[in-house]
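This report concerns only the one structure given below.
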Amino acid sequence: MSGDESDGDGPDGDGAAVVAAVEAVAERIERERDHLTELDSAIGDADHGGNMARGWAAAAEAARDLDDPDPQTVGKTVGKTLMSKVGGASGPLFGGSLVFASAELDGGIDAESAVAFAETYLEKVEDRGDARLGDQTMVDALTPAVHTFKKSIETDGLPPLEALAKAVDAADRGVAFTVPIRARKGRASYLGWRSVGHQDPGATSTLYILEELLSVAADRLDAEIPDVDATSPTLPDDAKAGAEDD
Amino acid sequence: MVGLVVVSHSERAAEGIVEIAAEMAGDTSIEAVGGDGSGGIGTVPDAIEAAIDAAADGDGVVVLVDLGSAVMNADVAIELSEVEAVIADAPVLEGAVNAAVAATDPSATLDSVREQAEAARDIEKL
């Protein structure tokens, strides 16, 4: 990455926060490597843990090497590294989607650009993987997370950290949803009905990534992680008044 | 002219397919790309993007792919590349040979070459 693309705003800026998030994700994925591989060995080819750990370690290194980068540059660098290092379908799904979604962060990170980033990421994963909700894939964790985040920001007007905390809870429920359903995409789909009863590895690593984003966001804001629940929406006062009129 | 790219999980398979197709390809620009970049099996979007750029000769590029993640990585590469490129939904070897023949037609277009590559799905061997 060339130096002239670096227009971050120092160690306390958004670019540095994204680098910290990528490092946290890399550490988490490394800790969960065996668990992810175990999940994948039940329904796939037992390489998700190793592939993701290798890719995120390389991505964290590439992110650290950037000189005072802006968030978009970090996202694109990490995405490109994941594309070339993760391998299999996870490379284009996790990495390719990140490259394209990062373009939404060219003006920095705020509530609006974060929603646009999340929506683009989901759209790219769906299109590239040709997967929809209920196919027992990462889409099952990502969709509830993105929908909950968008709604929490745009409709409920929640602070971004609270919206993100709700999104993580939604993703957690999405991961649980992958267990009792049949795989219709990816290698697990070859198992047919035998895929029922297994937790999807890609949905699981998606949850871990979101949990680390939340943890780093709370840390950077010097705030506690809000104790929230995706199933109890907080309506702003005017929306409540509107709802009563229905 | 329309250019061609052959993508395989194996670099040697991609090169072998290009070797066969090139016999029919005349002056057509045809690039092989494959492998995970460190000697193993896989595909890498950046490498595919570079191959598309190298194969481009003014009238776009038709991309032939083998399996699974090669399709997704080619898709990412096409979206990243400035070149107009399309994936042919065709068997990689037969499609590459058909596309090579089609690309030598003076009136060949991106669509006509892709269509000829995709016609390879119907080739009967017995």
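The values are calculated or read from the model by the stated rules, or taken from the named source; none is laboratory data. Given the structure is predicted, the values throughout are model-derived calculations rather than measurements. In this analysis, Cβ positions are derived from the backbone assuming ideal geometry, glycine residues included, and neighbour counts consider all displayed protein chains.
Restricting region A:54-87 to residues that are within 12 Å of chain B (Cβ to nearest Cβ) and not in a helix (DSSP H, G or I), which is surrounded by the fewest Cβ atoms within 10 Å (Cβ to Cβ)? Checking each candidate, the answer is A:87.
How do the helices (runs of 4 or more DSSP H) wholly within region B:33-126 filter down when requiring 3 or more residues that are within 14 Å of another protein chain (Cβ to nearest Cβ) and either farther than 25 Å from residue A:54 by Cα or not hydroxyl-bearing (Ser, Thr, Tyr) (or both): which remain? Ranges flagged: B:45-55, B:69-80.
The residue that is nearest to the other protein chains (Cβ to nearest Cβ), counting only those in region A:121-175 that are among the hydroxyl-bearing types (Ser, Thr, Tyr) and part of a helix (DSSP H, G or I), is A:121. Applying a threshold of 6 Å to beta carbon distances and a minimum spacing of six or more residues, or different chains, the list of pairs starting in region B:78-104 at a residue that is within 19 Å of residue B:51 (Cα to Cα) and in contact (Cβ under 8 Å) with a residue 40 or more places away in the chain and ending at one that is part of a loop (DSSP other than H, G, I, E, B) and of a type in the set (D, E, K, R) reads B:92/B:66. The residues on offer are A:102, A:90, A:97, and the sole one that is within 22 Å of residue A:128 (Cβ to Cβ), more than 12 Å from chain B (Cβ to nearest Cβ) and of a type in the set (S, T, N, Q) is A:102. Entry remark, region A:218-246: residues being farther than 21 Å from residue A:143 by Cβ, at pLDDT 60 or above and either part of a helix (DSSP H, G or I) or of a type in the set (Gly, Ala, Ser) (or both) number 4 in total. The sole residue among A:106, A:130, A:68, A:110 that is within 26 Å of residue B:41 (Cβ to Cβ) and over 16 Å from the mean Cα position of the chain (by Cα) is A:130. For region B:8-29, the count of residues that are of a type in the set (Val, Ile, Thr) and within 14 Å of chain A (Cβ to nearest Cβ) is zero.
On the given criteria, is residue A:70 over 18 Å from residue A:121 (Cα atoms), at pLDDT below 95 and not small (Gly, Ala, Ser)? Answer is no for this residue.
Would you say residue B:71 is touching a residue at least 60 places away in the same chain (Cβ under 8 Å) and more than 17 Å from residue A:85 (Cβ to Cβ)? Judged against the criteria, residue B:71 is not a match. As a summary of the residue check, residue A:108 satisfies the conditions (1) within 12 Å of another protein chain (Cβ to nearest Cβ); (2) at pLDDT below 95 except for the one numbered (1).
Taken as a whole, the structure leaves residue A:116 outside the set of residues that are within 14 Å of chain B (Cβ to nearest Cβ) and surrounded by fewer than 22 Cβ atoms within 10 Å (Cβ to Cβ).
Name every residue in region B:106-126 that is of a type in the set (D, E, K, R) and either closer than 17 Å to residue B:27 by Cβ or surrounded by 14 or more Cβ atoms within 10 Å (Cβ to Cβ) (or both), in order of residue number. Those that are of a type in the set (D, E, K, R) and either closer than 17 Å to residue B:27 by Cβ or surrounded by 14 or more Cβ atoms within 10 Å (Cβ to Cβ) (or both): B:114, B:115, B:118.
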